[in-house]
Amino acid sequence: MDAEFSKRIYMEKILDLKKLTADVCRIAREAGAFLKSERLNFRREMAQEKHAHDYVSYVDKESERRLVMALRDLLPEAGFITEEGSAEYHDEPYCWVVDPLDGTTNYIHDNAPYCVSIALRNKQSLLSGVVYDPCRDECFYAWQGGGAYVNGQPMRVSAVERVEDSFLVVELPYNSDSYARTGEHLIHELYGKVGGIRMNGSAALAICYVAAGRFDGWLEAFIGKWDFSAAALMVQEAGGRVTDFYGNENFLEGHHVVATNGYLHPLLLELVAQVPPKM
């Protein structure tokens, strides 16, 4: 066992993930309160287009600045992967993965949901995840080996097995040139055959809803680590399954992700394999 590996194992033994997650919940709630307060006077023209149909505003940037400052104080030895790029990762033993405002398009148009998403990971796995929804005042959280919760109540994925009873989220990413045929195929194969299909505009919250048993499955392509990392841990801790589009359990470095109650996973993997996204 080399010295660096030994050091990492020792650090994780002394890291109190339960307490740390509670601290992150507090930080996420504070950021969510800022989002909700700013929304009162927010106007669409305050947003800027980063890419086609992909927006950012001063609210995203200020929320991220506040989160980075608070999380850096909480765990100085951690680096950062953030959506707006206000902090960086330099091979630290831990890494915060932060989305200061997931669901920006919803936010801009004064629609729910939107949220704050924060994950802590090492180089191999997710350690802690927190997603706070200020619209419903719901804080979803989990830590490795500790279970998944929403506002203090345990979460479990649904027990739905039959396709015709399933309630699914099928999001359509901004990369329409690469995903249009896949999206059309999914809708064609699922519409009228499942219990319901939704698009909610916040990947983090949609995945949290899978963990809570509110949705039975979700999938999306061309998304960032900040979109799925925190909520993915919740699905795992709530008894569900998370993979990439090819069924690989090592999805952390990917951008095409499927999260389900486990029973419906083979169906979604089969459908995206039939008409995969263009790379």
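The values are calculated or read from the model by the stated rules, or taken from the named source; none is laboratory data. Since the model is a prediction, treat every value here as computed from it, not as a measurement. Every residue, glycine among them, receives a Cβ derived from its backbone with ideal geometry; neighbour counts consider all protein chains shown.
Data table
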{"read-out": "Criterion: surrounded by fewer than 22 Cβ atoms within 10 Å (Cβ to Cβ), aliphatic (A, V, I, L, M) and within 27 Å of PRO277 (Cα to Cα) - qualifying residue of LEU101, LEU126, LEU172, LEU168", "value": "LEU172"}
{"read-out": "Complete set of residues in region 104-123 that are crowded, with 24+ Cβ neighbours inside 10 Å and in a strand (DSSP E or B)", "value": "CYS115, VAL116, SER117, ILE118, ALA119, LEU120"}
{"read-out": "Condition broken by TYR94, with the remaining ones in (1) modelled with pLDDT of 95 or more; (2) within 27 Å of TYR209 (Cβ to Cβ) satisfied", "value": "(2)"}
{"read-out": "When residues of region 201-215 are limited to those that are assigned to a loop (DSSP other than H, G, I, E, B) and within 13 Å of the chain's Cα centre (by Cα), the one farthest from TYR149 (Cα to Cα)", "value": "GLY201"}
{"read-out": "Among (1) surrounded by fewer than 17 Cβ atoms within 10 Å (Cβ to Cβ); (2) under 25 Å from ALA28 (Cβ atoms); (3) modelled with pLDDT of 95 or more - the single one HIS188 does not satisfy", "value": "(2)"}
{"read-out": "Among the candidates GLU64, GLU38, GLU30, residue that is modelled with pLDDT of 90 or more, surrounded by 14 or more Cβ atoms within 10 Å (Cβ to Cβ) and either aromatic (Phe, Trp, Tyr) or over 17 Å from TRP226 (Cα atoms) (or both)", "value": "GLU30"}
{"read-out": "Filter result (assigned to a loop (DSSP other than H, G, I, E, B) and touching a residue at least 40 places away in the same chain (Cβ under 8 Å)) within region 239-279", "value": "GLY239, GLY240, LEU252, ASN261, GLY262, TYR263, LEU264, VAL275, PRO276, PRO277, LYS278, MET279"}
{"read-out": "Residue in region 153-162 that is in contact with a strand residue (DSSP E or B) (Cβ under 6 Å, 6 or more places away or on another chain), surrounded by fewer than 24 Cβ atoms within 10 Å (Cβ to Cβ), modelled with pLDDT of 95 or more and aliphatic (A, V, I, L, M) present", "value": "no"}
{"read-out": "Qualifying residue in region 190-200 (condition: in a loop (DSSP other than H, G, I, E, B) and within 19 Å of THR105 (Cβ to Cβ))", "value": "yes"}
